[in-house]
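*Asks:* I am attaching a structure below and will ask some questions about it afterwards.
The values are calculated or read from the model by the stated rules, or taken from the named source; none is laboratory data. This one's a predicted model, so the numbers in the text were calculated from it and none came from an experiment. Cβ sites come from the backbone with ideal geometry, for glycine too, and all protein chains shown count toward neighbours.
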Amino acid sequence: MKTEIAIIGAGPSGLLLGQLLTVAGIDNVILERRSGDYVLGRIRAGVLEQGTVDLLREAGVDDNLNAHGLVHDGFDIAFAGERVRIDLAELTGGKHVTVYGQTEVTRDLMNAREAAGATTYYEADAAQPHAVDSDSPYVTFTHEGEAHRLDCSYIAGCDGFHGVSRTCIPEDRLKTFEREYPLGWLGVMSETPPVADELIYANHKRGFAMCSMRSPTRSRYYIQVPDTESPDNWSDDAFWAELKRRLPKAVADALVTGESIDKSVAPLRSFVAEPMQHGRLLLLGDAAHIVPPTGAKGLNLAVADVHTAYRLFRKIYDSGRADLIERYSATCLSRVWKTERFSWWMTTNLHKFSDDEDFGSRIQQAELGYYLNSQAGRATIAENYVGLPFAKLED
Ligand code: APR
Ligand code: PHB
């Protein structure tokens, strides 16, 4: 079989790229290793930058987002007994973020793809790109026990951190950069009203905690735990008690607790692979980079790659600018590294890294105190949180 763009992976990156291409009339096929239900079962973050919302609108996938997305003009950072509001709207000239779960984004994209009649192979095994540095790349895979070959013009590697696409870049060209943090986030979802109207990130001497939400009746909370921790070691009661200890008293007193409907531990990692393109293969999203969740940037960073890849494909198909593919990697990476920096900064300054009061913990307090009590400091946090502008392929 044949298509223009073979997309490997039906996470948010692959689905959004596929939808934009389909709307633009550029034929594409998605190969996904898992079932659709499995993909939808993964619970991830839920804060969308304006650029992410705009691209979902451009793809025509904004009905539910418009109806259920919660517009937030600010969020709080609590530390050392203070609770400081980062007034996003005021500090960025009216920008905001939209709270809407990644699971919902994925479901909306899957439904739109089905409605458009575009081809997706779920439970596609052993997808393998070939001849990516030739003019005729192709992907082999098996589906329901049958071997297939998909010929294409370009391959979009949207297959996440553990995918196959990154391994197609020759070892002597690929350079990876990584930082692991010795901690994880224990997250709980509950059918309880959120404790506050806006998100709260809390730096506490017992460890980081945060309060988020999915809707007026559904809350999402996290506490820092060792990366080796199992969610089975935490009863609901133990989780709520520890969360309350780490929140400002007024917040803890207002917290409505209830039965958890999900409880899981996520590791924290920073990772970047360079370059993000080899021949006719592009890497997008988690296939190329990971950020720790503290700045809520994972999905937004993936969407920025989709923006660049989509604009590139439009230039190729509308104006014959196949040469621009050489600019894809540098265009994405300039923004990726800035977002990696912000996510690292938030992680480094909001978590507890040592049981002792040492130089690092004092510097952390000074850093937060300085940034949060300075208009310029709050403005730089706000500017990054609402999302840096998308980078352009051409000046
Ligand atoms: N063949 C086909 N599909 C694959 C393969 C493979 N060899 N390997 C992985 N996949 C699929 C996975 O099953 C998954 O559904 O690729 C998809 C990748 O999706 P994500 O991991 O969600 O990555 P991405 O679409 O880039 O989304 C980035 O999601 O992981 C979060 O924090 C991240 O929010 C960010 C966003
Ligand atoms: C979430 O709602 O799951 C969430 C929000 C903000 C973050 C991380 C996760 O920084």
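*Asks:* Select the strands (runs of 3 or more DSSP E) contained entirely in the range 197-265, then report the ones holding at least 2 residues which are more than 23 Å from His72 (Cβ to Cβ) and out of contact with any helix residue (DSSP H, G or I) (no Cβ under 7 Å at 6 or more places or on another chain). Steps first, answer last, please.
*Replies:* Working: elements: 200-202, 209-215, 218-226.
Strands (runs of 3 or more DSSP E) meeting the threshold: 218-226.
*Asks:* Right, here's the next one. Collect the residues in the range 363-379 that are more than 16 Å from His204 (Cβ to Cβ), part of a helix (DSSP H, G or I) and out of contact with any Phe, Trp or Tyr (no Cβ under 6 Å at 6 or more places or on another chain), keeping them in residue-number order.
*Replies:* Matches in the range 363-379: Ile363, Ala366, Tyr370, Tyr371, Gln375, Ala376, Arg378, Ala379.
*Asks:* For the range 266-301: of the residues being farther than 24 Å from Ile200 by Cα and assigned to a helix (DSSP H, G or I), which is farthest from ligand 2 (Cβ to nearest atom)?
*Replies:* Ala287
*Asks:* State whether one or more residues within the range 152-162 are more than 16 Å from ligand 2 (Cβ to nearest atom), under 30 Å from Glu326 (Cβ atoms) and assigned to a helix (DSSP H, G or I).
*Replies:* no
*Asks:* Additional query: Test of understanding: among Thr294, Thr331, which residue is surrounded by 22 or more Cβ atoms within 10 Å (Cβ to Cβ), within 16 Å of ligand 1 (Cβ to nearest atom) and either of a type in the set (Ser, Thr, Tyr) or within 27 Å of Thr3 (Cβ to Cβ) (or both)?
*Replies:* Unique residue meeting the criteria: Thr294.
*Asks:* Can you run down the residue pairs with Cβ atoms below 6 Å, 6 or more apart or on separate chains, where the first is in the range 199-223 and farther than 16 Å from Ile261 by Cα and the partner is polar (S, T, N, Q)?
*Replies:* Correct list of pairs: Leu199/Ser212; Gly207/Gln224; Phe208/Gln224.
*Asks:* Sort through Leu255, Leu268, Leu243, Leu247 and tell me the only one that's at pLDDT 95 or above, surrounded by 12 or more Cβ atoms within 10 Å (Cβ to Cβ) and touching a Gly at 6+ places or on another chain (Cβ under 7 Å).
*Replies:* From the options Leu255, Leu268, Leu243, Leu247, the qualifying one is Leu268.
*Asks:* Can you work out which of the residues in the range 242-285 that are of a type in the set (Asp, Glu) and touching a residue at least 24 places away in the same chain (Cβ under 8 Å) is nearest to Arg166 (Cα to Cα)?
*Replies:* Narrowing the range 242-285 to residues of a type in the set (Asp, Glu): 242, 253, 259, 262, 274.
From what is left, the residues that are touching a residue at least 24 places away in the same chain (Cβ under 8 Å) are 242, 259, 262, 274.
Working: Glu242: 39, Glu259: 40, Asp262: 31, Glu274: 10 Å.
Per the stated criteria, the residue is Glu274.
*Asks:* Within the range 138-172, which residues are touching an Asp or Glu at 6+ places or on another chain (Cβ under 9 Å) and among the charged types (D, E, K, R)?
*Replies:* Glu144, Asp159, Arg166
*Asks:* When you check Val84 against the structure, is it away from ligand 1 (no atom under 16 Å from the Cβ), of a type in the set (Val, Ile, Thr) and either free of Cβ contacts under 8 Å to residues at least 12 places away in the same chain or more than 17 Å from Cys211 (Cβ to Cβ) (or both), yes or no?
*Replies:* So Val84 fails the test.
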